[in-house]
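The values are calculated or read from the model by the stated rules, or taken from the named source; none is laboratory data. All figures in this text were calculated on a predicted structure; none of them were measured in a lab. FYI the Cβ positions are ideal-geometry reconstructions off the backbone, even for glycines, and counts take in every protein chain you see. What goes into the accessible areas is simple: the full protein's heavy atoms, side chains included, and nothing from ligands, DNA or RNA. Shrake-Rupley method; radii C 1.70, N 1.55, O 1.52, S 1.80 Å.
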Amino acid sequence: MSDVTPRLRFAPSPTGYLHVGGARTALFNWLYAKKFGGQFLLRIEDTDKARSTDESTRAIFDGLNWLGLRWDETVVYQGANVERNRADALRMLENGTAYRCFCTQAELAERRAAAEAAKDSFKYDRRCDRLSAEEVQSRVDAGVPFTVRFRVPEGTTSWDDLVHETISFPNKDIEDFIVLRTDGTPIYNMAVVSDDIEMRITLVMRGDDHISNTPKQILLYRALGAPLPQFAHLPMIHGLDGKKLSKRHGATAVSDYQHLGILPGAMLNFLALLGWSPGHDIEVMSMERMVELFDTKGLQKKAAIFDPKKLEWMNGQHLSLMSASDLAPLVTPALVSAGLATTEDLYSRRDWYLTLLELLKVRSRTTDDIVRQAAPYLVDEIRYDPEAEAKQWKDRPATAALLREVGTALRDLREWEPAAMEESLRALGERLGFGDKAGKIFQPLRVALTGLSVSPGIFDVLVMLGRDRSTARIDAAVARLESGGPPGA
RNA sequence: GGCGGUAUCGUCUAGGGGACUAGGACACGGCCCUCUCAAGGCUGGAACACGGGUUCGAAUCCCGUUACCGCUACCA
């Protein structure tokens, strides 16, 4: 391990949104940088003008910010570096590690097709490298367009990958690849190496779909006389069907999960476990803990399959662990946009609100789940779930009579607190001959209070609603039951 | 086709020659808890791709086969 501070970068191309695979690559780069006190840089690879959009660039920023993966230094836009990229390519022309190629795209395509037809694998035959200096000069003078090709040397190119150990490629299998187009713009591998040198990147950590680019890039570093960074190639993420993750698999953008009510910390935790393991059966971790435990030794070589079920479970874990006050800022906007409350209202009775969150978060897997359960506590008019009504209020006259008694009992309570409620309602159950089946009271009451057959403990619900609202709901339920109308009428 | 990579329960993984009767987690089933739903606890089924080596001994090391993935552009 060198003693220079590590510099890593995440280099996405802005051609869509920030997808989960990219987010995970960013995360590992970030974790490594944090762990070893280095820098995590962001470079937008926008050299493909046709596909790059500002909107996608924004999406990348938004995604990384939401996840809390802050980058150091200013963002580098690859498109702004073409001059230097070209200068580097030209430098290779001068030092003899590259040469001019006058073959046209059409000629190349033709030869490639011919080779394919003959079932041969096509590889550039270096014919332009055999041109005499005079010939080259005369063509240049005549203004014949040319590309710059890298002259791949003899031998073998290998490196010690941080996740794969040693990987090596016989150079004979690498063709003399183009580094500069006829219009003078750099090809991907040229731009990447030129930029990574400029940015003084010490560890290139990226998807393993770049493994075959690596020997070419290493050759370029050497031709430019630059020190080699370390490389780490991360496995891909696949969908449930084992194929590369794509739109067909549903949500693949980080923002999709943001809108589904997934917590950034849970997303990160889940993504980290897809391709990395801290060992010791540790699963649920905070960002701090991940930084502490991160180690390239735990990196996986095998592609992982993205399982949304486990993500949800992970989110539930993080939800339970998070304090209500940390959760509030994340849930409040959703509550407001669902029209259930106003920010002012929630702020004015903050303790009550936090208690509500405490009650709901344990039975939620996403923040959206919390919102879905919150309505009965926040709005005046509840909606009666037809199924709950049908099941728990089967005998409507009898239920009306029961709820009347419950209402009376609750109104008579001296203190509006759980122990008193329980004592009173269980006593009522005894009197009515329910024995220890107090659920015969609790369930109909739950429907009366919330309209639902599912909720936090009944005494918690009563406390949250308060005496006035609770008794009012019971009265409303009695009226509804006695109106004789069918459920939902 | 060529080159490269990968291979442990359905899924994420632990494992780095003997501690393996292969551990944990998700999902699934059962039980407990219980006013419902969660959460939690206990519990069940479920895997070393195949074939050869090396070794006293292999999930672990080597070779081959198979399968899957990636690259194979004047794309990134």
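Across segment A:293-404, the volume of the C-alpha convex hull divided among the residues equals 174 Å³ per residue.
Size descriptors for segment A:1-151, from the alpha-carbon set: Rg then Dmax equal 21.1, 59 Å. Average accessible surface for segment A:58-153: 59 Å² per residue, computed with a 1.4 Å probe over protein heavy atoms with every protein chain in place. At a probe radius of 1.4 angstrom, the accessible area of segment A:386-482 per residue rounds to 49 square angstrom. From most to least packed by mean Cβ count within 10 Å, the peptides A:6-12, A:434-440 give A:6-12, A:434-440. Measuring with a 1.4 angstrom probe and ignoring ligands and nucleic acids, residue A:53 comes out at about 60 Å² accessible. In order along segment A:152-159, phi translates into HN-Hα couplings of 6, x, 5, x, 10, 10, 9, 8 Hz, rounded to whole numbers, per the Karplus curve 6.51 cos²θ - 1.76 cosθ + 1.60 with θ = phi - 60° and x for Gly and Pro.
Accessible surface calculations at 1.4 Å, restricted to protein heavy atoms, place segment A:212-317 at 46 Å² per residue.
Of all DSSP beta bridges confined to chain A, the antiparallel ones make up roughly 55%. Measuring max minus min along each principal axis, the C-alpha atoms of segment A:323-379 give extents of 26, 20, 18 Å (largest first).
Which of rounded, prolate or oblate describes segment A:386-482 when judged by the alpha-carbon gyration tensor and an a/c cut-off of 1.5? Rounded, since a/c falls under 1.5.
Over segment A:209-286, the hull volume per residue, using the convex hull of the C-alpha atoms, is 162 Å³. The equivalent ellipsoid that matches the C-alpha gyration tensor of segment A:76-195 spans semi-axes of 25, 22, 14 angstrom, in descending order. Length, then width, then depth: along the principal axes, the Cα atoms of chain A run 111, 48, 41 Å. Using alpha carbon centroids, what distance separates segment A:15-31 and segment A:411-458, in Å? Answer, in whole Å: 51. The distance separating the Cα centre of segment A:40-114 from that of segment A:319-362 comes to 45 Å. Of the peptides A:37-49, A:235-247, A:105-117, the order by per-residue mean of other Cβ atoms within 10 Å, starting with the highest, comes out as A:37-49, A:235-247, A:105-117.
In this structure, the pairs whose alpha-carbon distance is over 25 Å, taken from A:34/A:247; A:310/A:361; A:216/A:247; A:309/A:361, are A:34/A:247; A:216/A:247. Placing unit charges on the Cβ atoms of the charged side chains and taking the dipole of chain A about its Cα centre, the candidate lying farthest along the positive direction among A:354, A:421, A:317 is A:317. Nonpolar atom fraction for chain A, defined as the carbon and sulfur part of the 1.4 Å probe accessible area, stands at 51 percent.
Remark: segment A:17-27, residue by residue, has Karplus-estimated 3J(HN,Hα) of 10, 7, 8, 4, x, x, 4, 5, 4, 4, 4 Hz, where x stands for each Gly or Pro and the curve is 6.51 cos²θ - 1.76 cosθ + 1.60 at θ = phi - 60°.
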